[in-house]
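FYI, it's all coordinate maths here, none of it is from the lab. Given the structure is predicted, the values throughout are model-derived calculations rather than measurements. A quick note on method: Cβ atoms are made from the backbone with ideal geometry, for glycine too, and the neighbour counts reach across all protein chains shown.
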Amino acid sequence: MAKNRFDMGDIDIAWCPGCGNFSILEALKGALEELDIDPARLVLVSGIGQAAKMPHYLRANVFNGLHGRALPPATAVRAANPGLVVIAESGDGDMYGEGGNHFLHAIRRNPDLTNIVHNNMVYGLTKGQASPTSRPGFTTPVQVDGVGDEPFNPLAVAIALNASFVARAFSGDGEQMKEILKEAIRHRGYSLVDVFQPCVSFNKVNTYQWFRQNTRPLGKEHDRGNRMEALRRAMEKDPYPLGIFYVREGGACFEDRLSPYEKDDTPLHLREVDRDKLEALVRAKRET
Ligand SMILES: Cc1ncc(C[n+]2csc(CCOP(=O)(O)OP(=O)(O)O)c2C)c(N)n1
Ligand code: SF4
Ligand SMILES: [Mg+2]
């Protein structure tokens, strides 16, 4: 079998044996290879958490940012160099909790990037507190009486905000996940792929078996161009549908609407920097 160009060989991976993150890593490497993407053109941006370690485990350019802050630098990378393939990847806590504000506004801006969220319904890295997607009744050493809040529904929120691509996969099904990732990366505009990912160490409720029993495919009859139908299906949770819920083609991306590109399509990173203007700007900021 031909070598996958994104594979880093024999490296130490700091995930627990059996963690659902491993198959997301394999599916992503497979999707990138099958799309024939040049590793030099790939930028992976993440925040903090177990899922956010992902960019360190495949060959790519990496920006590892602050907790909850993957999307702003990812948006900026695309704006500065629209020739790059940008993936913002993190966990449910990082993306929907700490980074929830950025999640909402990235969808509205519609940068051409793929947002992969490893949704294990828990904070894995910090040893098992509830996350925004934890289900009611989930008990943890902090939520000793069980979670009482309504879980955050990322798909419904994304469709309500007219995100241009919205999907959900399950890390227990590598082939389906790879095909969804390929479509998301190929899609022009903001693409959300929420992936159900068992955390075998700190979520003993939402296990591989639980996800298998509580999910089902959206079905061939699902019309991914029908926004209201996609929203209705995104509200289902008994069982949770899997697949591509909604696709909107043709909308302008964030980088298309930026004024510096109005008259000149030279990527920002290739343009001459006006040092005087830059220094004046930095000075003005320091003085405020
Ligand atoms: C500002 C800030 N607050 C809290 C933390 C501690 N912290 C690190 S990762 C994390 C949660 C990660 O959960 P999630 O994004 O679901 O990732 P997982 O580990 O489950 O993959 C928290 C609360 C931090 N590093 N920085
Ligand atoms: S703590 Fe959970 S999410 Fe983190 S590596 Fe272990 S199994 Fe995976
Ligand atoms: Mg998590």
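A few remarks follow.
- Any hit, segment 188-195, residues being touching an Asp or Glu at 6+ places or on another chain (Cβ under 6 Å) and closer than 24 Å to GLU26 by Cβ: no
- Of the residues PRO73, PRO39, the single one that is in contact with a strand residue (DSSP E or B) (Cβ under 6 Å, 6 or more places away or on another chain) and under 30 Å from ASP265 (Cα atoms) is PRO73.
- Looking at GLU89, GLU34, just one residue is among the charged types (D, E, K, R) and surrounded by fewer than 17 Cβ atoms within 10 Å (Cβ to Cβ), and that residue is GLU34.
- The number of residues in segment 228-276 that are surrounded by 12 or more Cβ atoms within 10 Å (Cβ to Cβ), on the phi < 0 side of the Ramachandran plot and of a type in the set (Gly, Ala, Ser) comes to 3.
- Residues being within 13 Å of the chain's Cα centre (by Cα) and over 11 Å from GLY93 (Cα atoms) - total across segment 54-72: 6
- In segment 102-132, the residues that are more than 14 Å from the chain's Cα centre (by Cα), crowded, with 24+ Cβ neighbours inside 10 Å and hydroxyl-bearing (Ser, Thr, Tyr): TYR123, SER131
- Top-ranked residue in segment 37-54 [being outside any strand (DSSP E or B) and within 13 Å of ligand 1 (Cβ to nearest atom); ranked as surrounded by the most Cβ atoms within 10 Å (Cβ to Cβ)]: ALA51
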